[in-house]
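> Structure below; questions to follow.
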Amino acid sequence: MTYENILVSVEGPLTTITINRERVRNALNQATIAEIDAALRAFDSDASQRVAIITGAGDRAFAAGADITEIQVLTGADAARRFSEAAHHLGLFMRQMGKPIIAAINGFALGGGLELAMSCDIRIAADSAKFGQPEINLGIIPGWGGTQRLPRLVGAAAARLICMTGDMITAEEALRLGLVERVVPAAMVMEETRALAMKIASKAPLAIAAIKQAINRGLDMSLSEGCMYEAALFGAIAVTDDAKEGTTAFLEKRQPTWRGQ
C-alpha cells in the first residue's frame, strides 16, 4: 500500500511506522491517523511480523499534536465528536491487538502525539523528548484519550496537573511519573527500541498476546476477576505446542523454536 503521510519498513519480524510530516513536526491530521490504522492492520494480519514500532521523522518530534487547522474548522458538536472518535477507534484497536507496539519517542510528544504514544504498549523516550497535553491552552480538552490513558499511567492527580496547566514535562519527569518506561540518549533511541523489539519478538507469540490481553483487560476488572481471567488464559496457553516446546527446550538446555501454535 502507498502512503502519503507515513513510511513503513519491515526488517525481519519488526514493522516500523514513521510519521513523515517533519515540516509540521509530524502533526497528526485525519489522513495520517487513517494511514497509521491501515498500516497497523496490515502488520496485525501478517503472521511473520511480531512487534511494531511507531516513531516520528527527524529528531524534533514524535508527533507534536493534532493538526490544529483541522480542529479550527470543525463545525458543530457532532463533527467535533466524529473527529475525536476516529482517533479513539485507532487507539482502541491498538489496545486489543495481539501484538505489542512500542513508541520510539524521538522528540516532542504533545496532545494527540502523546495520546498516540500512550496507546502503544511500551514507550522508549529520547532524553531530549518533551511531553504534554496542551489542549487547555486552545480552550479545549484532550480528545484522543488523554483524560483516560494518562491517569491510568501516572495517577489521577498528576494527570489533572498535566491536562489543566498544559505545561510540558521532560523525559526524566515522564520516567519518574511512569509515563515512559525507559529514557535513552537521543542518538540511541531507535537502536535501543529495535533491540527491545527484537528481544520481545524472540519470545513465544501466543504467550506475548495473552500477556497483553491479560494486562489490558484485567485493568478493567476487580482483582479477583482478573486473577480468574489470568487462570483461564494460562490454561489455554499451557497446552499449546509452543508451551510444550518451551518446557522441553528448558529441560534439554537448548533454545526453543516458536511456531505460534
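The values are calculated or read from the model by the stated rules, or taken from the named source; none is laboratory data. A quick note: this is a predicted structure, and the numbers were derived from the prediction, not measured. All Cβ positions, even for glycine, are placed from backbone atoms using ideal geometry, and neighbour counts span all protein chains on display.
> Please return the ranges of strands (runs of 3 or more DSSP E) entirely within the range 46-115 where 3 or more residues are of a type outside the set (K, R) and more than 22 Å from Q148 (Cβ to Cβ). Give the derivation first.
On the way: elements: 51-56, 61-63, 101-105, 108-110.
Strands (runs of 3 or more DSSP E) meeting the threshold: 51-56.
> Please determine, by comparing only the residues of the range 233-261 that are surrounded by 11 or more Cβ atoms within 10 Å (Cβ to Cβ) and of a type in the set (A, V, I, L, M), which one is nearest to R95 (Cα to Cα).
Selected residue: L233.
> So for the range 2-19 (the condition being surrounded by fewer than 21 Cβ atoms within 10 Å (Cβ to Cβ) and modelled with pLDDT under 95), does at least one residue qualify?
Looking through the range 2-19, at least one residue is surrounded by fewer than 21 Cβ atoms within 10 Å (Cβ to Cβ) and modelled with pLDDT under 95.
> So which residues in the range 53-79 are small (G, A, S) and touching a residue at least 60 places away in the same chain (Cβ under 8 Å), if there are any at all?
Those that are small (G, A, S) and touching a residue at least 60 places away in the same chain (Cβ under 8 Å): G65, A66.
> K203 versus (1) closer than 15 Å to D121 by Cβ; (2) in a helix (DSSP H, G or I): which is the lone unmet condition?
Exception for K203: condition (2).
> With respect to the numbered conditions (1) within 14 Å of the chain's Cα centre (by Cα); (2) part of a helix (DSSP H, G or I), which one is the sole condition not fulfilled by T18?
Of (1) within 14 Å of the chain's Cα centre (by Cα); (2) part of a helix (DSSP H, G or I), only one is false for T18: (2).
> Could you tell me whether the range 23-43 includes any residue that is in a loop (DSSP other than H, G, I, E, B), more than 17 Å from the chain's Cα centre (by Cα), charged (D, E, K, R) and within 15 Å of Y3 (Cβ to Cβ)? Give the steps one after another, and end with the answer.
Within the range 23-43, the first condition is being in a loop (DSSP other than H, G, I, E, B), and the residues that meet it are 25-27, 29.
Then drop every residue that is not more than 17 Å from the chain's Cα centre (by Cα), which leaves 25, 29.
Applying the additional criterion that residues be charged (D, E, K, R) yields 25.
Filter again for within 15 Å of Y3 (Cβ to Cβ), leaving none.
Taking every residue of the range 23-43 in turn, none turns out to be in a loop (DSSP other than H, G, I, E, B), more than 17 Å from the chain's Cα centre (by Cα), charged (D, E, K, R) and within 15 Å of Y3 (Cβ to Cβ).
> Residues that are among the basic types (K, R) and either buried (at least 23 other Cβ atoms within 10 Å of the Cβ) or more than 13 Å from the chain's Cα centre (by Cα) (or both): does the range 92-100 have at least one?
Within the range 92-100, none of the residues are among the basic types (K, R) and either buried (at least 23 other Cβ atoms within 10 Å of the Cβ) or more than 13 Å from the chain's Cα centre (by Cα) (or both).
> Can you name the residue in the range 20-41 that is among the acidic types (D, E) and either out of contact with any strand residue (DSSP E or B) (no Cβ under 7 Å at 6 or more places or on another chain) or farther than 17 Å from M97 by Cα (or both) and, of all such residues, is surrounded by the fewest Cβ atoms within 10 Å (Cβ to Cβ)?
E22
> If a residue counts only when it is crowded, with 19+ Cβ neighbours inside 10 Å and without any contact (Cβ under 8 Å) to a residue 24 or more places away in the chain, which helices (runs of 4 or more DSSP H) contained entirely in the range 120-197 have at least 2 such residues? Spell out the reasoning first.
Numbers: elements: 146-154, 156-165, 171-177.
Qualifying helices (runs of 4 or more DSSP H): none found.
> Return yes or no: is A210 surrounded by fewer than 17 Cβ atoms within 10 Å (Cβ to Cβ), in a helix (DSSP H, G or I) and either in contact with a Phe, Trp or Tyr (Cβ under 9 Å, 6 or more places away or on another chain) or in the same structural domain as P13 (by TED's automatic domain parsing) (or both)?
It is false that A210 is surrounded by fewer than 17 Cβ atoms within 10 Å (Cβ to Cβ), in a helix (DSSP H, G or I) and either in contact with a Phe, Trp or Tyr (Cβ under 9 Å, 6 or more places away or on another chain) or in the same structural domain as P13 (by TED's automatic domain parsing) (or both).
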